[in-house]
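Only one structure is covered here, and it is reproduced in the block below.
The values are calculated or read from the model by the stated rules, or taken from the named source; none is laboratory data. Keep in mind that this is a model prediction, so the values were computed, not measured. For neighbour counting, all protein chains shown are included, and Cβ atoms are generated from backbone atoms with ideal geometry for every residue, glycine included. When the accessible area is computed, the model is the full protein with side chains, heavy atoms only, and any ligands, DNA or RNA have been set aside. Shrake-Rupley method; radii C 1.70, N 1.55, O 1.52, S 1.80 Å.
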Amino acid sequence: MRTDSPQTIYRKDYTPPSFLVDSVELGFDLDPARTVVASRIHMRHNPASTSRSIELHGEHIELVQVRLNGKLLKPSQYKLTAGMLTIPKAPDDVLLEIETVLAPQDNTSLSGLYVSNHNFFTQCEAEGFRRITFFPDRPDVMARYTVMLRADKDKYPVLLSNGNLIEEGDLGDGRHYAKWEDPFKKPSYLFALVAARLVCQEEHYRLKSGREVLLQVWVEEGNLDKTDYAMQSLKNSIRWDEERFGLELDLDRFMIVAVGDFNMGAMENKGLNIFNTKYVLANSRVATDVDYAGIEAVVGHEYFHNWTGNRVTCRDWFQLSLKEGLTVFRDQEFSADMIGTDTGRAVTRIDQVRTLRQAQFPEDAGPMAHPVRPDSFVEINNFYTVTIYEKGAEVVRMYQTLVGRDGFRKGMDLYFARHDGQAVQCDDFRAAMADANGRDFSQFERWYSQAGTPVVTASTRYDAASQTFELTLAQSCPATPGQPKKLPFHIPVTVGLLAADGRDLPLHVDGVASNGATSVVLELTEASQTFRFTQVGEVPVPSLLRDFSAPVVLEYDYTDAQLLHLFRHDSDPVNRWEAGQRLAMERLLKLTGAVAAGEPLVLDETFIAAQRALLADDTLDPAFRELALILPSETIIAERMAQVDPQAIHAARQFMRTTIAAALKPELLAQYHANQTPGEYSPDALSAGKRALKNLALSYLLIAPGAAELDLARLQFDNAGNMTDRAAALAALIHSGSQPHAQAALTSFYADFENEALVVDKWFAMQAAAPTTDVQAVRQLMAHPAFTLKNPNRARSLIFNFTNGNPSQFHAVDGSGYAFWAEQVIALDALNPQVAARLARSMDRWRRYVPALQSHMRDALEQVAGQASLSNDVMEVVSKALA
Ligand code: PHE
Ligand code: ZN
C-alpha cells in the first residue's frame, strides 16, 4: 500500500499567479535518449498577487541550471521539491534562463515530449508542459512563444511548432534547425512540437475575407492516400465558423498532424493540432461510415477550439467545460449543419442522447459523479469526462433553446468582445449569454454546480368542459457524492400536443408566448409547476421534452396506445424515436424479470407489428429507421434496474432480437436488398444511413442463420467495396454463432489488413465485444503478436471493448472478468496512468450488481487499491469507487 495519500485540489483555493510571463524562448536539442531544453522566460510580478515567490512546475525532468537576470542560482537560492521549483523574493522584472534534460524515448505516459514510431511529439494538456521544462504551467499564465528546434536531418526532416515558420537551415553536422514564432499569447497547455519523418497534403485556401491561408495534413509516408477527408473537413469547419459565428482563422498556417500513439482523440494546440490517427486517416478501404463521421466531428472540434479554448481560455482546470462543453456543442451543430436536412439533424441529436444515456447518466449516478464545473479533483486527467464534455454541451445547448439561435449568437459575440485574449470562468460565459439577451440566468448556475441527472415527472389532466389541458411538471435530483440535497434547476421543457389524427395542435399556454405554435418551450424553475393549455378541443397526447431539450430523465405514465401514437405520428423525430425506445424498454425490463424468475418469455404482437411497420416505411430516412430499430443497449437497460443481473439482461435482449428476427424475416431481407449502395463509395449521410439500415437487417438475419443467410453475409464480406460493409459482414458472422464461418472471415480479414493499424484495432474490437468471447479468449488474443498494451488504441480495442462492451462475459459469475480487469489496470498503470485510470472506471457501478457479483468486484477493486506505487490517476478512481 502506498503511504503518501494523494492531494485533493479545491476550486475555492484558487489564487492568481505571482508572476506573469510576457514571452518565452525555447530551444530544443532533440535526441530520443537525451533531449536538452533551454528556456528564456521573461516574467514580471503580478500586481494582483501578494506573493514574491516564483513558482515553476516541473516533473520527470532533470534541472541542469537556472539563471535569474544573468546570475547562476546556487541550490541554496531556490527550493526544488517533487513537482515544484520555487525561487523566493524575486524582483519585479525577471529573466529566467533554465536548462533541463529529459529522455523522450522512455516516456510511455504519452504526456509531455515522447517518441512514437521513431518520431517526436508533444502532448501538454492538461499538465504535460511541466514534463518538458520548469514553467508556471497553469492556463491563466498566457505568453508569447518563440521556439528553436534542432535535430538530425535524416531522421527528422520535418520540424514543426505553433504559429509561423520564420527561419530554417542547416547546422552542418547532419543536423538542421527550424525557428517558429506564435504571434498569439497562449497558455503552456497549447504548446506543441513535432520532429518527424512525415509527408503532407497541403492546400492554399481562401477565407471569406479574401485572405489566403496554408492548410496541411501531416502523416507517415504510406498514409498520404488517407488524408482527403480530414482536409475536406478542415475546409468545411473553417467555412462553417465564418458563417455561423463570424469567426475567422487568425493564422496564416494551420496544421494537423497524425500520430499512432495518443491518449485521447486529438489536441487543439495553437496552429498545430495533433491527432490520434483514428481521427485523420480514412479511405473507403479502411474506414467505416462511423469513422468518417468521427473525423468530421473531431477535425471540427479541434478547429473550433481556436476561438473557444485558445483565444478565450480557462482560468483554471475547474473551468474545463467552459471550452469543452462549448466546443462539443459547436462540433455537434457543425455535423448537423453538414447534413443539412431536418431528419439528418434529428439523427445526430438521437446519437447524442444515446451517448448521454450510455455513458453520462451512469457517470452522474456513480462514485465519480461531479458537477459540470467540479469543486475538487485529485488528478485533472480524470476529469476529461462525459460530464465535462457531453453534459457540458447540453448545458450550452439549453442556452440556445432558451434564447433562440439569434440570441445565442448575440451571447457569443458579447463573450468574445469581453474576453478575447483572457483566461476566464464558466460564470463569464453565462453572464455574456444573460446580458446579451436581457435574461436572468442566476438559477441556471445550478447546472454548473450541482451534479446528478434531474428527474422530471409529468402528470396531466384534461377538462373537456373548459377545453383545457393541465401539465404539471415536478423535478428532483438524486444525491451525489458530497451533495446530499439539490435545489431546483432551470429546465427548458419543449412540449407539443398531438391530436387523435396525429397532427400537432396549435398551442396556447397561459402566461407563455405561444400563440398557435406547435411546439413551446416551457421553463421549469420550481420544484413543481403547472402549465395550462387552453383551446384544446380534444384529449391530446403530450409530446414532452422534444428534441431532448434538457439532460434529464423524464417520467410520465404513458399507455402503450399513447406511445404507439407518438411512435407513428410525432412531428418531432427525436420524440418519435423516444416513444419506440420506451415501448422497447418496458418490455425489456419485464423480460429481464422473467428470465431471472425462470418464467416463460413472450413478446407481444403489437410491438412486433410496430417494428414491422417502421422497418418498411419508405417515407422515413433509412438512418432514422435504423436508429429506431436498435434496442436499448444492455448498459442502458442496466441503469434502469435497482439490482443488475447482466446475464438476465443479455438473455432478455437476445430473446427480443431473436423474436423480432424470426417474425420479420421477409421484411428484413427486403430492406437488405432495397438499401444497397452500388457505385463509388461516398460517406454522405444518406448513403451511410442506407448502409446502416441494410447492415442492421443483416445482423438480424444472422441471429439464427440458415445456409442462405450465411451465404449472404459471406458474399457481402468477400465482395464489399468499402470497410463499412466488410466490417458489418464480419461482425454479423462473428455474432452468428457459426464458428467455422467466423474464423475463416477473421483469418482472411487479418491477412488483408495486417499492415493497417486502425483496421487491426477493429479486428480486435469486434472479437472483444462478441458474447461468445470469454475471458480466456481475450487472454489468447492478448498473446497475438499484434497486441500491445503500450499503444492506447490497441489496448482500448481489446481490453476496453471487453470490459465495457461485452457485459455478459465481463460479468461472468465466477468473477474471472474482474480479476482480469485488475491485472490489466495494474499492468497499464506502470506504463500509462491516464489510460489505466480510464480502464479503472469500468468498475464504477459495482454497487448496483447482484450481491454475488458485488463481492467479486469489491475484491478486484481492493486488489488494485492495495498495490504499492499506484498512480494518483488510478488511486483516485478506485478509492472513490470503494468509498
Ligand atoms: N483538449 C482535447 C480536446 O478536447 C482533449 C485532450 C485532453 C487531448 C487532454 C489530450 C489531452 O479536443
Ligand atoms: Zn475539446
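Mind counting the residues in region 271-283 that are within 12 Å of ligand 1 (Cβ to nearest atom) and open to solvent by less than 10 Å² (accessible area, probe 1.4 Å)? Result for region 271-283: 4.
Against the numbered list (1) buried (at least 23 other Cβ atoms within 10 Å of the Cβ); (2) away from ligand 2 (no atom under 16 Å from the Cβ); (3) assigned to a loop (DSSP other than H, G, I, E, B), residue 180 comes up short only at (3).
On the basis of being away from ligand 1 (no atom under 13 Å from the Cβ) and either open to solvent by 20 Å² or more (accessible area, probe 1.4 Å) or within 11 Å of residue 230 (Cα to Cα) (or both), does residue 257 make the cut? Yes: the conditions hold for residue 257.
The single condition among (1) surrounded by fewer than 19 Cβ atoms within 10 Å (Cβ to Cβ); (2) within 16 Å of ligand 2 (Cβ to nearest atom); (3) more than 25 Å from residue 843 (Cβ to Cβ) that residue 355 does not satisfy is (3). Write out, first by first residue and then by second, each pair whose Cβ atoms fall under 8 Å of each other, whose residues are 6+ apart or on separate chains, and whose first residue, in region 261-284, is within 22 Å of residue 837 (Cα to Cα) while the second is within 15 Å of ligand 2 (Cβ to nearest atom) and of a type in the set (Asp, Glu). As it stands, the answer is 266/302; 267/125; 267/302; 275/302, since those pairs meet every condition given. Counting only strands (runs of 3 or more DSSP E) wholly contained in region 1-110, the ones carrying 3 or more residues that are open to solvent by 60 Å² or more (accessible area, probe 1.4 Å) occupy 62-68, 79-81. Taking residues in region 301-315 that are in a strand (DSSP E or B), and partners anywhere that are near ligand 1 (Cβ under 10 Å from one of its atoms), the pairs with Cβ atoms closer than 7 Å and at least 6 places apart or on different chains are 308/323; 308/327; 313/323; 314/320; 314/323. When the criteria are applied in full, residue 356 meets the requirement of being under 28 Å from residue 9 (Cβ atoms) and more than 16 Å from ligand 1 (Cβ to nearest atom).
Within region 375-393, track down each residue that is closer than 22 Å to residue 263 by Cα, more than 14 Å from ligand 2 (Cβ to nearest atom) and assigned to a loop (DSSP other than H, G, I, E, B). Matches in region 375-393: 378, 379. Tell me, which residue of region 808-818 that is open to solvent by 30 Å² or more (accessible area, probe 1.4 Å) and part of a helix (DSSP H, G or I) is farthest from residue 647 (Cα to Cα)? Going through the qualifying residues, I end up with 816. Filtering region 216-233 to residues that are among the small types (Gly, Ala, Ser) and open to solvent by 10 Å² or more (accessible area, probe 1.4 Å) leaves only 222.
Among the helices (runs of 4 or more DSSP H) confined to region 833-883, the ones with at least 2 residues that are surrounded by fewer than 19 Cβ atoms within 10 Å (Cβ to Cβ) are located at 851-865, 872-882.
Considered as a group, the residues in region 374-394 that are open to solvent by 10 Å² or more (accessible area, probe 1.4 Å), farther than 18 Å from residue 840 by Cβ and of a type in the set (D, E, K, R) include one that is farthest from ligand 1 (Cβ to nearest atom), and that residue is 375. Among the numbered conditions (1) out of contact with any strand residue (DSSP E or B) (no Cβ under 6 Å at 6 or more places or on another chain); (2) over 22 Å from residue 558 (Cβ atoms), the only one that residue 463 does not meet is (2). With respect to the conditions (1) open to solvent by less than 30 Å² (accessible area, probe 1.4 Å); (2) in contact (Cβ under 8 Å) with a residue 60 or more places away in the chain; (3) under 29 Å from residue 408 (Cα atoms), residue 236 falls short on a single one, namely (1). No other residue among 286, 299 is among the aliphatic types (A, V, I, L, M) and either within 11 Å of ligand 2 (Cβ to nearest atom) or surrounded by 24 or more Cβ atoms within 10 Å (Cβ to Cβ) (or both) apart from 299. Residues being open to solvent by 50 Å² or more (accessible area, probe 1.4 Å) and part of a helix (DSSP H, G or I): count how many of those fall in region 424-448. So the count comes out to 3. Of 452, 421, 496, which residue is assigned to a strand (DSSP E or B) and touching a strand residue (DSSP E or B) at 6+ places or on another chain (Cβ under 8 Å)? Being assigned to a strand (DSSP E or B) and touching a strand residue (DSSP E or B) at 6+ places or on another chain (Cβ under 8 Å) holds for just one of 452, 421, 496, which is 496. Helices (runs of 4 or more DSSP H) fully within region 743-803 that include at least 2 residues being in contact with a strand residue (DSSP E or B) (Cβ under 6 Å, 6 or more places away or on another chain) and closer than 14 Å to residue 278 by Cβ: none found.
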